[in-house]
Structure formats: C-alpha cells, structure tokens
Amino acid sequence: MRHRIAGNRINMPEARRRSAFRNLMDGLFTHEAIVTTEARAKAVRGEAERIIAIAIRGHGDAWAHLKAVVDDDYLAEQVLELARKGRFTLDEKIPSNEERAAVGKFPLSDDARKLKQARLEGMQKEMLGLIRDREEAAKALQAAREAMAIELHARRTILRRLPQELRVKKIFELLVPQYAGRKGGYTRITKLGRRQGDGAEMVKLELVGRV
C-alpha cells in the first residue's frame, strides 16, 4: 500500500518540507517570481495553482450567489461594498442600555449611542438609496452577507495552506480579477541553467501575466 507518499518529497522531513514549501509560496505570491531548483519549483507549482483556483472558485460562487438576487453588476457591487462596511439590517435599532445589560454588554454613553445610531441610519439610508423597495433591499443585503460568507470560506481554506493574510488578500484583490477567465496555467517555469557547485538545475517560477 502507498500511504502519505504522494507528491514530490524532495528528500526532506515532513515538517521541514512543509515549512520550505510555504516559504516558497509566500515568496512567489509576494514577489510574483522566485528562483529555486527545478525539483522545488515543480513541487510547489501544483499547490500554488490550487490556491489560485480555490480563490477564483470561491469568488465566483460568491458573486453568482449575489447575482441571483441582484441582477445588475454595478448595483451588486454597490450592495456588496455596503454590506462589507458592517453587519446591519433595515429594521435594526441601537438597543437600550437595559437591553445591552440583559445580554451581558457594557452600557453606551450618550455620545457613543449617537455615533452608532448615526452610522446605522446612514447605512440604512444608503441601502434604500440603492434599492428603494424595502423588501427587495432586505433580500439583496442578506444575499450580500451570504456571498461574503462563501468567499470567507475560500479565504480560510487558503489560510490553512498559506497562513499569510496579506498574501491571501493580494490573491483575492489582484490575482482573482486577472485570472478569473483562465482555466489553469497561472504559473510558468523558465530554466536558468545549472548551479555551480552541486550542478542542480535552477529555474524561475513566476506568475503568468504579472509585471
């Protein structure tokens, strides 16, 4: 039987190999190109492409979920941007200090309550400015929150493979829009010749289409 031996092990103990792979992927997504041995590049390339594919699929599923409720692209973007500002509903009100105490929350000062109330009313007014029908606006807001949860699941999946939040943010903000219509082939390996000393084949692993 063949258990736990899939993939290129590059002659390293598991913990060290996992750390090396993560460092290589972190370098790839940070600098968009790394120089390493051919064996390591081939070992890392598949995982890097899987990470990009997970991000594209998560973003696509989230967008499709929102578009099922809000058909217009521009309007859907505006609703999603508003939903990201904070979790709220159109019928929500700032609870009294008695209501907050009942659920174990600290009381609010008058100034803090006014600020929270103004922010909440501002977001509610903005939402109704986008979609005037109150029922349709509530459905769109709920769909936007659900879309955010779908994308968040993809982000957390990637964070288990690449525990660098800034890199994950870059993948979703820069790489997903560029590679959304591409079916794989997000990276490229270019041979650079052999390294002096041990003669290892050196290559450049880079993201396709990045400057």
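Read the figures in this text as sums done on the coordinates, not as results from a lab. On a predicted model such as this, the values are computed, not experimentally measured, just so you know. Counting neighbours? That spans all protein chains shown, and the Cβs are built from the backbone with ideal geometry, glycine included.
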(message) At q = 0.14 Å⁻¹, what log₁₀ I(q)/I(0) does the chain have when each alpha carbon counts as one equal point scatterer in the Debye sum?
(response) -0.92
(request) Report the extension gain between residue 134 and residue 178 in nm, rounded to one decimal, defined as 0.36 nm multiplied by the number of residues separating them, less their alpha carbon distance. (result) 12.3 nm
(request) Between beta-carbons, use under 11 Å as the cut-off and find the net charge around residue 65, counting Lys and Arg +1, Asp and Glu -1. (result) -1
(request) Note down the net charge around residue 137, summing +1 for each Lys or Arg and -1 for each Asp or Glu among other residues with Cβ under 14 Å from its Cβ. (result) -2
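Cβ under 14 Å from residue 152's Cβ, residue 152 left aside: what net charge do those residues give with Lys, Arg +1 and Asp, Glu -1? Before the final figure, lay out each step's value.
Numbers: positive: 57, 84, 87, 145, 155, 156, 160, 169; negative: 61, 146, 151, 165.
Around residue 152, the charge tally is +4.
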(request) Express in whole angstrom the spacing between the alpha-carbon centres of region 158-211 and region 72-96. (result) 35 Å
(request) With a cut-off of 12 Å, note down the residues of region 33-72 whose backbone N falls inside the zone around a label point 7 Å from the Cα of residue 161 toward its beta carbon. (result) 44-58
(request) List the trypsin sites (Lys or Arg not before Pro) within region 62-168 that fall in a DSSP loop (any state other than H, G, I, E or B) and whose Cβ has at most 14 other Cβ atoms within 10 Å. (result) 87, 93, 105, 132
(message) What does the extension gain come out to for residue 189 and residue 15, with contour length at 0.36 nm per residue minus their alpha carbon separation?
(response) 60.1 nm
(request) Under 15 Å from a label point 7 Å along Cα→Cβ of residue 153: give me every residue in region 42-61 with its amide N that close. (result) 54-61
(message) Using the basic label-point model (7 angstrom from Cα toward the beta carbon), what is the residue 50 to residue 145 distance in nanometres?
(response) 3.4 nm
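Given the Cα-Cα distance of residue 33 and residue 170 and 0.36 nm per residue of separation, how much length would full extension add, in nm?
Numbers: separation 137, 0.36 × 137 = 49.32 nm, distance 1.44 nm.
Here the answer is 47.9 nm.
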